[in-house]
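Visitor: Following this message is one structure expressed as structure tokens.
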């Protein structure tokens with residue numbers, strides 16, 4: 001008789017990283033104006049096949065699929081199935097940035113974890129803990145709460161300083177959200193373009209999973225990100241990998257080389 | 001030769017209200033555990049047919065459709081088409097609470113306005129103006145930014161007081177977001193369970209569209225909401241209307257009566 005320990009999101013992320021020797025997450029953001037082939041699933045399949053042994057995770061950005069209607073729905077379904085077929089070690093993050101409360105949040109959790117079969121989902125918690133708790137009912141699945149983002153206008157809300165505690169909104173949010181799970185099922189989205197904030201969040205939450213977009217095209221430095229983010233991270237790159245070449249003859253090989261380059265930069269930060 | 005003025009979201013909402021003599025919005029939140037019939041589209045069709053002449057708007061809650069996978073996708077598509085067929089006056093709010101930035105937010109706007117054909121969409125602006133501006137590229141469509149919500153944990157983020165201005169986060173957000181449109185294409189989601197905040201937001205923004213959930217099952221008072229919200233509002237009720245009866249023989253008639261009752265309460269607040 002064997003006893004199976006219930007795993008947490010953090011455990012499963014650790015397995016994905018150790019299996020691949022990598023913390024790279026490939027963002028699957030199909031944009032017909034940039035893709036060298038027309039079929040979204042064929043494009044994704046080529047990228048996945050070319051990179052899967054070098055990466056810990058894939059992150060489909062739901063917006064791009066939703067914009068294509070039914071065709072996008074079908075392509076996303078086939079893409080996630082293909083990842084499960086060829087890369088059983090890989091972690092799948094649904095970058096859907098869902099948020100709501102009560103039975104509506106339960107329905108989003110069902111959509112993301114049961115229908116789409118993702119391991120984790122990005123969520124907004126502007127409505128507080130009520131938006132996150134329903135996702136935590138799935139023991140070994142998790143959420144990455146959007147916390148400190150890379151975009152210019154992120155400061156409008158995230159940098160407001162709480163007169164009572166002196167924390168900025170994103171810090172107050174992080175403290176509240178990380179506190180909801182003692183098993184590593186709540187992580188944070190922290191943009192790579194704010195290294196000081198990344199360092200301070202890592203100090204506050206040494207064990208929590210961070211999903212870090214914003215390296216490459218968006219300006220974040222991968223080596224510094226890896227150094228400051230330390231162990232429990234996924235460093236995401238989308239455009240820098242999948243559109244490394246926009247030629248149909250070599251976009252998959254170029255994607256592989258871009259992942260190798262990113263791994264090299266990350267290794268520099270780890271030394 | 002006729003000149004067609006470009007309409008704003010506020011204009012179109014005004015038309016929907018004056019055509020129906022109503023500011024009621026019916027939330028289409030199909031929940032298989034509560035529905036007296038099994039087919040989501042047939043359920044929605046019966047509710048729409050029974051209520052459309054008495055209401056200004058319909059608001060499908062996307063989470064419930066997404067949780068059903070492909071069947072939900074199909075039911076939502078048929079539902080919106082049916083609203084357009086039988087209720088040309090009605091305004092359609094996609095309650096999808098989307099949010100992202102840049103070309104990702106553009107993709108969500110395309111999904112909501114072009115694929116789904118909604119007139120407006122609910123959005124989160126935790127990432128600031130960058131999350132809203134792409135939706136405003138569609139001249140006569142608009143957004144309702146989630147601002148002050150009815151749920152208990154809303155205070156965790158929304159009530160943080162800005163040490164610089166003394167505004168709470170939801171007030172700071174409202175000021176920033178309303179300022180993005182001078183043509184009435186930005187509205188706010190303001191829960192009915194916080195009447196004082198509703199009154200203060202109306203004083204700050206006398207002309208802006210407010211989408212107000214939280215009456216009925218969630219505890220908000222419809223008469224008071226109508227009095228404080230004044231003219232440019234949609235008062236949403238979901239469960240209180242669509243599950244007024246859970247019997248297959250009369251759920252549509254019960255929904256119509258529930259709308260009539262809600263209209264009566266609203267009229268009391270208007271006196």
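Visitor: Which count do you get for residues in region A:128-168 that are under 21 Å from the mean Cα position of the chain (by Cα), over 20 Å from residue A:199 (Cα atoms) and facing chain B (nearest Cβ under 7 Å)?
Guide: So the answer is 3.
Visitor: Among the residues of region B:219-229, count how many are touching a strand residue (DSSP E or B) at 6+ places or on another chain (Cβ under 9 Å) and either farther than 21 Å from residue B:268 by Cα or at pLDDT below 95 (or both). Give the steps one after another, and end with the answer.
Guide: From region B:219-229, those touching a strand residue (DSSP E or B) at 6+ places or on another chain (Cβ under 9 Å) are B:220-222, B:225-226, B:229; that's our starting set.
The next check asks that each one be either farther than 21 Å from residue B:268 by Cα or at pLDDT below 95 (or both); those that pass are B:220-221, B:229.
Count: 3.
Visitor: Related question: Identify, by number, the condition in (1) in a loop (DSSP other than H, G, I, E, B); (2) in contact with a strand residue (DSSP E or B) (Cβ under 8 Å, 6 or more places away or on another chain) that residue A:30 doesn't meet.
Guide: The one condition residue A:30 does not meet is (2).
Visitor: From the list B:19, B:33, which residue is modelled with pLDDT under 95, on the phi < 0 side of the Ramachandran plot and surrounded by fewer than 20 Cβ atoms within 10 Å (Cβ to Cβ)? Spell out how you get there, then give the answer.
Guide: Values: B:19 fails: modelled with pLDDT under 95.
Going through B:19, B:33 in turn, just one is modelled with pLDDT under 95, on the phi < 0 side of the Ramachandran plot and surrounded by fewer than 20 Cβ atoms within 10 Å (Cβ to Cβ): B:33.
Visitor: How many residues are in a loop (DSSP other than H, G, I, E, B) and surrounded by fewer than 20 Cβ atoms within 10 Å (Cβ to Cβ) if we restrict to region B:74-102?
Guide: So the answer is 2.
Visitor: Among B:105, B:71, B:63, B:109, which is the only one that is part of a helix (DSSP H, G or I), more than 18 Å from the chain's Cα centre (by Cα), at negative phi and surrounded by 22 or more Cβ atoms within 10 Å (Cβ to Cβ)?
Guide: Values: B:71 fails: surrounded by 22 or more Cβ atoms within 10 Å (Cβ to Cβ); B:63 fails: more than 18 Å from the chain's Cα centre (by Cα); B:109 fails: more than 18 Å from the chain's Cα centre (by Cα).
One residue alone meets the criteria, B:105.
Visitor: Being more than 18 Å from residue B:121 (Cβ to Cβ) and surrounded by fewer than 22 Cβ atoms within 10 Å (Cβ to Cβ) is the filter; apply it to region B:169-192 and report the residue that is farthest from the other protein chains (Cβ to nearest Cβ).
Guide: B:182
Visitor: Let me ask something additional. From the list B:229, B:184, which one is farther than 15 Å from residue B:57 by Cβ and within 19 Å of the chain's Cα centre (by Cα)? If you could, list the steps in order and put the result at the bottom.
Guide: Numbers: B:229 fails: farther than 15 Å from residue B:57 by Cβ.
Just one listed residue meets the conditions, B:184.
Visitor: Also, I was wondering about something else. What's the total number of residues in region B:73-105 that are without any contact (Cβ under 8 Å) to a residue 40 or more places away in the chain, facing chain A (nearest Cβ under 8 Å) and under 28 Å from residue A:213 (Cα atoms)?
Guide: Qualifying residue count for the region: 8.
Visitor: Looking only at region B:112-139, count how many residues are part of a strand (DSSP E or B), touching a residue at least 40 places away in the same chain (Cβ under 8 Å) and under 19 Å from residue B:7 (Cβ atoms).
Guide: Going residue by residue through region B:112-139, those that are part of a strand (DSSP E or B) are B:120-123.
Of the ones still in play, those that are also touching a residue at least 40 places away in the same chain (Cβ under 8 Å) are B:120, B:122.
If we keep only those that are under 19 Å from residue B:7 (Cβ atoms) too, we end up with B:120.
Within region B:112-139, residues that are part of a strand (DSSP E or B), touching a residue at least 40 places away in the same chain (Cβ under 8 Å) and under 19 Å from residue B:7 (Cβ atoms) number 1.
Visitor: Further question on the same structure: Please indicate, with yes or no, whether at least one residue in region A:238-260 is in contact with a strand residue (DSSP E or B) (Cβ under 6 Å, 6 or more places away or on another chain), closer than 19 Å to residue A:121 by Cα and modelled with pLDDT of 95 or more.
Guide: yes
The values are calculated or read from the model by the stated rules, or taken from the named source; none is laboratory data. The model shown is predicted, which means the values in this text are computed figures rather than measured ones. Glycine also receives a Cβ, built like all others from the backbone with ideal geometry; neighbour counts cover every protein chain displayed.
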